[in-house]
């Protein structure tokens, strides 16, 4: 029985955690990743010698390579997580986001269309973000709400969502789209808020907080997200979109204070570790929030990890894996981006 699954962007944060889950469930996983600054071989070190794991270096837009991989491994499912994801970088250099999240996605889906004509036992799950809905000052975004992306990153992801959905409608391709809230947990690049704060705490550096720190995000622990993606693969309905969230919103100040409290019970916190308010990001959305009732009702999934537990697990992972930071250029951790 064929149990091959392709995960694109599997050297990244969510992708590597998803691969770990799939391998534990005895699937054979082919990881396609082009290796950028946010890819990290540390993320796959625990399973790189697993006989059921295969890594292939490629941009998902490389049609020749992607075609070969599709027809060689004949995957029963494809999880597309390959994307440029850092909002601040999209402010500095939008072109990379257009190329990766739109142009490469187009090439990828074209090859999938050809593959599907000859291999009907497959489905493609495209992983997107809550940022496509833009600022949500009240209530929670539902799957059919209007897209109002604020950043070039969010706009590029919105475009990729529309592309995938159009290929379902026009070409009857077996596609499912998911939109998830802010993830946190092991393996996350420290350009993102939580690992950046942890890195700074461990290195006696001030904690940078954009604007007034009141920007609110819905936080979900990465393993909860991965379990949801597996549910979507097994039980999700073709052509549907599923929001994946925790229903737990916290502003940036609260997250920073939670981490400081955890740190003080673990280590001697340095004198320079204090909140430092810095110039806000251009176009910074105040709040993201998802309505995840659909996946709860239809697929019987809900998040399990509360923020206090998840942040403790995350902090412990970074303490126990300090060498992870050594594989990342210091400027990619400390340099302020998106300050135009």
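The values are calculated or read from the model by the stated rules, or taken from the named source; none is laboratory data. If you're wondering where the values come from, they're calculated on a predicted model, not measured in any experiment. Positions of Cβ are generated from backbone atoms using ideal geometry, with glycine treated the same way; all protein chains shown enter the neighbour counts.
Observations, loosely collected:
- A single member of 7, 69 is part of a strand (DSSP E or B) and either crowded, with 16+ Cβ neighbours inside 10 Å or without any contact (Cβ under 8 Å) to a residue 40 or more places away in the chain (or both), and it is 7.
- For the residues 56, 60, the requirement of being part of a loop (DSSP other than H, G, I, E, B) and touching a strand residue (DSSP E or B) at 6+ places or on another chain (Cβ under 7 Å) singles out 60.
- Residue in the range 259-268 that is within 27 Å of residue 135 (Cα to Cα), touching a strand residue (DSSP E or B) at 6+ places or on another chain (Cβ under 6 Å) and not in a loop (DSSP other than H, G, I, E, B) present: no
- Residue 204, sole failed condition from (1) at pLDDT 95 or above; (2) over 27 Å from residue 109 (Cβ atoms); (3) crowded, with 20+ Cβ neighbours inside 10 Å: (3)
- Scanning the range 231-258 for residues that are free of Cβ contacts under 8 Å to residues at least 60 places away in the same chain and either in a helix (DSSP H, G or I) or in contact with a helix residue (DSSP H, G or I) (Cβ under 9 Å, 6 or more places away or on another chain) (or both) yields 234, 248, 250, 252, 253, 254, 256, 257, 258.
Residues checked against (1) surrounded by fewer than 18 Cβ atoms within 10 Å (Cβ to Cβ); (2) in contact with a strand residue (DSSP E or B) (Cβ under 8 Å, 6 or more places away or on another chain); (3) at pLDDT below 95:
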position	(1), (2), (3)
272	yes, no, no
280	yes, yes, yes
290	no, yes, no
293	yes, no, no
300	yes, no, no
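- In the range 137-188, residue surrounded by the fewest Cβ atoms within 10 Å (Cβ to Cβ) [restricted to those that are out of contact with any helix residue (DSSP H, G or I) (no Cβ under 9 Å at 6 or more places or on another chain) and within 20 Å of residue 87 (Cα to Cα)]: 137
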